[in-house]
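What follows is calculated from the coordinates using simple rules that are stated; it is not laboratory data. The structure displayed is predicted, hence computed values, not measured ones. Note: ideal-geometry Cβ built from the backbone for every residue, glycine included; neighbour counts use all protein chains shown.
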Amino acid sequence: MIEFTPRKIQSSFWAILSPIISIAITIFIGSLIFKMLSYPVMESLYQVFVSPFSRPDRIADIFVKACPLIIIGLGLIFCFKANIWNIGAEGQFIFGTLCAGSFALLFPETKTYTLLFSMFIIGFIGGAIWSSIPAILKVRLNVNEILVSLMLVYVAMLFIDFIVRGPLRDPMSFGFPLSKVYPDGAIISKVDFPFIGFLGQFHYGIFIILILCPLIGFFINKTLPGFQIKILGSSIRASEFAGFNKNKITFYVLLVSGGLSGVAGVIEVSANMGRLQPEVSFGYGFTAIIVAFLGRLNPYGVVIAGIIIATAKLGADNAQMVLGIPKVVTGIFEGMLLFFLLAGETIQKYKISIRKEN
Amino acid sequence: MENLLITILLTSIPILLAGLGELVTEKSGVLNLGVEGMMLCGAVAALGSVLIFGNPYIGILFGAVAGILISTVFSFFTITLMTNQVATGLGLTIFATALTGLIGEPFVGKTAASLPKLEIIFLSDIPYLGKILFSNDILVYFAIFLIFFIHFGFQNTKIGIIIRAVGDNHDSAHSIGYSVKLVRWISTSFGGMCAGMGGAYIPLALTPHWSEGMTAGKGWIALALVVFASWMPIRLLIGALIFGGITILQFVAQARGWDVPSQFLNMLPYLTTILALALISFKLRNNNYAPACLGKHFLGNK
């Protein structure tokens, strides 16, 4: 009989160790899967985890891939800390991108920096509008935010599909569902490193993480609203006794999280695609959930987690090209990783002992 | 008109089956958000087995077993290891979507045999009603049987009352001597079985070929439906039929040539879900039918 005794103080030893162990177990089971599908195990692991580091431009591309994951993940920290389950970041990403992209296409004459700056603001507002729907329903009517935010992902996907096939379709796109190319002012340019030149797709948008990460870390750990969020998440009763406004916190964490997803979308599209298309996100909103958990809801952890997951994603692309391993394998890895991370949380919270039956 | 009603009924079956299973799971206090993933597992297992064995009934069996197997992953983590149910359910869907994508890849472009229609003698000769209700495939009859089975099961059988007790107050159920964890394992497996069969119904009766993520949110709609039905099986049928109707509306609109972009028609099931959730929450503001221990962990060593 396995016995769980709650720990008085959460084990910080396990808090650091559990993500590492989780990754190790995932890799171990992953190699068993490769073996079962009769792919060369060492070669597969090399492609997935090491090959993205093999050239400077590939390393730069890891950051490009990690950028949207990290920004969305940073936003999700707010929700998950408060125990609010926003799983529709994908939809907020798409809607924010759509709003900002439409603005760029409708007002192409705006001055360069004004345009990009407005796009960031509009992207944030767009994402926040999309997440305000579950937020309002949750606060006013206590509707489950999980289902509403998820349903809105499908709605956003269909909506952007309609826009790029209809109103904003480029007449010169030969029937492809693509918008016109963004005006120059709406494009985030690649970084021209001194002495080195361009490195892969490395762009200026990535630097926003250097600002966001410490800012959010400071907000969560050092300010009163950040404290209120944490208390609401760990104990609703304690939060009520302290007189914190539960509805207000719920509303704002969803808004911030949606807004940051929108910003992530603006950066991703302005830096890499330069136009709107039916698929602007490739499941970033869902992957970011795993990034947030792997980063243990810590802003700096999320950055590291984003880089790890991005590496595996790029590695999976390489593995598909070199060995023909289907790309969906990453999803299997992500799911397993989440399972083990959650199991790690149990070890952190409870002391586990084995008791003999009398 | 007859055909339309039959199509609505058939379209609602996957959501109905998955919803009924989830209802039982939730009544025992477990919130399994992996319905979408379990349905996909059922769908791919059904399709694959039909392509191999050629018999659609074997497809139902494989779909059900696949649903149970994948739900045991969820049970192991949430019930035995006490992980967070919301996050684990989400992980299950991510995991299963990828897994079925991998397994289903060789099936792309192949067509599976459909479930045969079984006409019930005499009854199927009733004008109108007979065609709609009594000349369907076996899973339609099974789903309708299941509604009443679960309804009466929860009202009148000992097992049903034990499940409700575990879901409403696990400490009391434990102190009387019931194994909370075992009851939850079984209820979750039942949910997995139903979701697997619901998923299996999609390739076996609706669209006979595989595409990645072919459930297209039906699992999530089923979850919403359980809330909408206030955990009552018969209301679940009404909800599922409404969704069947809305899904069919887009085809009707296309056939009639309505001038509405198809994307907006495709949005309807999702928008209706949100609206339905909002309305039911508004109506039940002060009276929550949710099982009291829904989503709560049971330590099991008091």
Rounded to whole angstrom, the alpha-carbon centroid of region B:163-210 lies from that of region A:201-261 at a distance of 36
Rounded to the nearest Å, what's the spacing between the alpha carbon centres of region A:280-358 and region B:5-42? Just the number, please. 27
For chain B, size of Cβ-based charge dipole, Lys and Arg +1, Asp and Glu -1, in debye: 660
Can you give the net charge of the other residues whose Cβ lies under 12 Å from the Cβ of residue A:228, counting K and R as +1 and D and E as -1? +3
Rounded to the nearest 0.05, what FRET efficiency do residue A:204 and residue A:353 give with R0 = 56 Å and r taken as the Cβ-Cβ distance? Could you check? 0.60
Choose one answer from B:206, B:31, B:279: the residue with the largest mean-square fluctuation in a GNM of chain B with alpha-carbon springs under 10 Å. B:279
Can you tell me which lysines have their Cα less than 30 Å from the Cα of residue A:111? Leave out same-chain residues fewer than eight positions away. A:65, A:180, A:190
How big is Rg to Rh over chain B, alpha-carbon atoms, Rh as the Kirkwood inverse-mean-distance radius? 0.98
Mean separation of Cα contacts under 8 Å (at least 6 apart) over the residue count of region A:64-285, i.e. the relative contact order in percent, is 42
Over 18 Å (Cα to Cα) among A:8/A:349; A:81/A:248; A:8/A:351; A:138/B:218; A:138/A:349 -> A:138/B:218; A:138/A:349
Helix check for chain A. Which DSSP H runs span at least 27 Å along their own axis by Cα, with a mean Kyte-Doolittle hydropathy no less than 1.6? A:12-36, A:145-165
Which is farthest toward the positive dipole end of the protein assembly as shown among B:48, B:166, A:73, measuring Cα position about the Cα centre, with Cβ charges +1 (Lys, Arg) and -1 (Asp, Glu)? B:166
Return a whole-number percent for the relative contact order of region B:1-95, with Cα pairs under 8 Å and 6 or more residues apart as the contact set. 32
Would you work out the relative contact order for chain B, in percent, from Cα pairs under 8 angstrom that are 6 or more residues apart? 37
Pairwise label distance in nanometres, residue A:238 with residue A:170, each label 7 Å out on the Cα-Cβ vector: 5.4
As I understand it, the dipole of region A:64-285 uses +1 on the Cβ of Lys and Arg and -1 on the Cβ of Asp and Glu, about the Cα centre. Which of A:252, A:88, A:104 lies farthest toward its positive end? A:252
From fewest to most C-beta neighbours within 10 Å, the residues A:239, A:173 line up as A:173, A:239
Gyration tensor (Cα) of region B:127-221, equivalent ellipsoid semi-axes in angstrom: 33, 20, 9
Bins of 5 Å, beginning at zero and ending with the bin holding the largest distance: percent of Cα pairs per bin for region A:151-258, please. 2, 9, 11, 11, 10, 13, 13, 11, 9, 7, 4, 1, 0
Between 0 and 90°, nearest 10: helix B:233-256 axis offset from chain B longest Cα axis: 30
Report the charge-dipole magnitude of region A:64-285 in Debye, nearest 20, computed about the Cα centre from +1 at each Lys and Arg Cβ and -1 at each Asp and Glu Cβ. 560
List the pair-distance distribution P(r) of region B:106-166, using every Cα-Cα distance, as the percent of pairs falling in each 10 Å bin from 0 up to the bin containing the longest distance, rounded to whole percents. 20, 27, 23, 23, 7
Calculate the dipole size of the protein assembly as shown relative to its Cα centre from +1 charges on Lys and Arg beta carbons and -1 charges on Asp and Glu beta carbons; express the result in debye to the nearest 20. 1700
Ranking of A:44, A:31 by count of other Cβ atoms within 10 Å, fewest first: A:31, A:44
Near the amide H of residue A:276, under 5 Å away, which other amide H atoms are found, from residues 5 or more places off or on another chain, if H is placed in the peptide plane? A:179
Hydrodynamic radius by Kirkwood for region A:31-187, inverse mean 1/r across distinct Cα pairs, in Å, is 18.6
Counting other C-beta atoms within 10 Å, which of A:282, A:63 has the fewest, and how do the rest follow? A:282, A:63
Cα principal axis extents for the protein assembly as shown, largest first, Å: 84, 69, 56
Dimensionless Rg over Rh [chain A; C-alpha; Kirkwood]: 1.00
So for the pair residue A:7, residue B:171, with labels modelled 7 Å out along Cα→Cβ, what separation do we get in nm? 2.5
